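Below is one structure; the comments refer to it alone.
Readers should treat all values here as calculations from the given coordinates under stated rules, not as data from a laboratory. In this text the structure is predicted, and so the values were computed from the model without any measurement. Here the Cβ is made from the backbone with ideal geometry for all residues, glycine too, and neighbour counts use every protein chain on show.
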Amino acid sequence: MLETVLCGVPMRNPTRLASGIMGVNSGQLIRVARAGAGAVTMKSIGPHEREGHRNPTCIEWEHGLLNAVGLPTPGYMNYDEEFKELEALRESGVPLVASVYGSKWQEFREVAEYVSGKGPDIIELDISCPNTEWHDTQFACDPAISAKIVASVKEVTGKIPVVAKLTPAANSPAEVGKACEEAGADALCAGNTMPGMLIDIDARRPVLAFKKGGMSGPALKPVNLKMTYELHEKVDIPIIGEGGITTGRDALEYIMAGASVCGIGSAVWQRGPGVFSEVCSEISGWMKGNGYSKLEQLRGIAHER
Ligand SMILES: Cc1cc2nc3c(=O)[nH]c(=O)nc-3n(C[C@H](O)[C@H](O)[C@H](O)COP(=O)(O)O)c2cc1C
């Protein structure tokens, strides 16, 4: 009932672990796959070793999480061992999404070329991280630079599908998505965290050491859901809906807006790795109760009403 296909890659269900949450090493990715995720995404891999920001880097507030982890990475050249350990995941048949970032547009291609050699099922481009010092606005705010990154990565990734991860902070995420599609993106992710900040009034300072961060979890759902809905009207490639999916009902909202796959990040923090199978049984429970047997019957249905 829940099987789906993303860019030719079969998935046993439409959930996927979002990048950067629990997926920071191969052991965690394998654990999440065994817990029922339809696909798992690695923490974003960068061009050079980078420590990330000082603590506190991630805090929970009443409507979700706020983080500025700062993309820590050992650099792609130190990933051979990690990919070897992920062979166990490959045997389980759960697709692996490798996430890639760069600080300059040219670096995405360099990292993607290395990563393609390791044979992930899908490559996702994190062109939308808000938590770095090198740019206050993300690449994904600009359709032209986003398209340039996608086109240059596509030259080195062969048959591996490439996903462009968009930001809700763009003036028109749908326009950015369209530009990425025209540049050759195989799918879009809608989307990353929304830039924000919180202040501890007793300490009289921002709660995160980096001061500003990215907001995720329940407060993000209406924002990225709208992005998914608008993208569905503008592009023909599949969309990964992501942002604030905590329950099967949240996932169904994204599917009805047009998503093929539902990314789950912050809810793993809240509900544990069991969240993937719980969300799946909540989706199928609702479908059975309402007379649906295939996800396809629901995809984009909210556009018809
Ligand atoms: C602690 C933390 C670390 C994250 N790291 C990454 C990352 O390395 N790369 C990336 O593309 N997104 C990263 N994200 C964004 C998530 O992948 C996801 O897109 C976002 O949190 C929205 O989904 P959610 O509301 O289900 O968490 C991170 C989010 C959090 C909370």
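Figures for the structure shown
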| quantity | calculated |
| --- | --- |
| Enclosed volume per residue, in Å³, of the convex hull spanned by Cα atoms of the chain | 120 |
| The range 147-203 and the range 34-81: distance between their alpha carbon centers, rounded to Å | 17 |
| Among beta bridges that DSSP assigns inside the chain, antiparallel share in %, nearest 5 | 40 |
| Built amide H within the under 5 Å cut-off of residue 196, gap 5+ | 213, 214, 215 |
| Members of 212/234; 118/294; 118/148 lying beyond 27 Å, as alpha-carbon distances in this model show | 212/234; 118/294 |
| Those GluC sites (Glu not before Pro) in the range 60-149 that DSSP places in a loop and that have at most 15 other beta carbons within 10 Å | 62, 133 |
| Cleavage-rule hits (trypsin sites (Lys or Arg not before Pro)) in the range 14-69: DSSP loop, at most 15 neighbouring Cβ within 10 angstrom | 54 |
| Whole-Hz couplings from phi, Karplus 6.51/-1.76/1.60, listed for the range 207-219; x for Gly and Pro | 6, 8, 4, 7, 6, 9, x, x, 8, 9, x, x, 5 |
| Size of charge dipole - the chain - debye, nearest 20, with Cβ of Lys, Arg +1 and Asp, Glu -1, no other charges | 420 |
| Under 5 Å, built H, 5+ apart or other chain: amide partners of residue 65 | 216, 217 |
| 25 °C / 0.890 mPa s Stokes-Einstein diffusion coefficient of the range 1-119, Kirkwood radius on C-alpha pairs, µm²/s | 160 |
| Most mobile of 40, 24, 153 in a GNM of the chain (Cα contacts under 10 Å) | 24 |
| Mean separation of Cα contacts under 8 Å, 6 or more apart, over the residue count of the range 201-302: relative contact order % | 26 |
| Quotient of Cα Rg and 2.2 N^0.38 Å for the range 206-259, N being how many residues it contains | 1.32 |
| Convex hull of the range 91-191 built on C-alpha atoms - directionally averaged projected area, nm² | 6.2 |
| Filtered chymotrypsin sites (Phe, Trp or Tyr not before Pro), the range 126-211: DSSP coil and at most 14 other beta carbons within 10 Å | 134 |
| Estimated Rh, the range 126-235: Kirkwood, alpha-carbon pairs, angstrom | 14.7 |
| Order of 212, 221 - criterion: other Cβ atoms within 10 Å of each residue's Cβ, fewest first | 212, 221 |
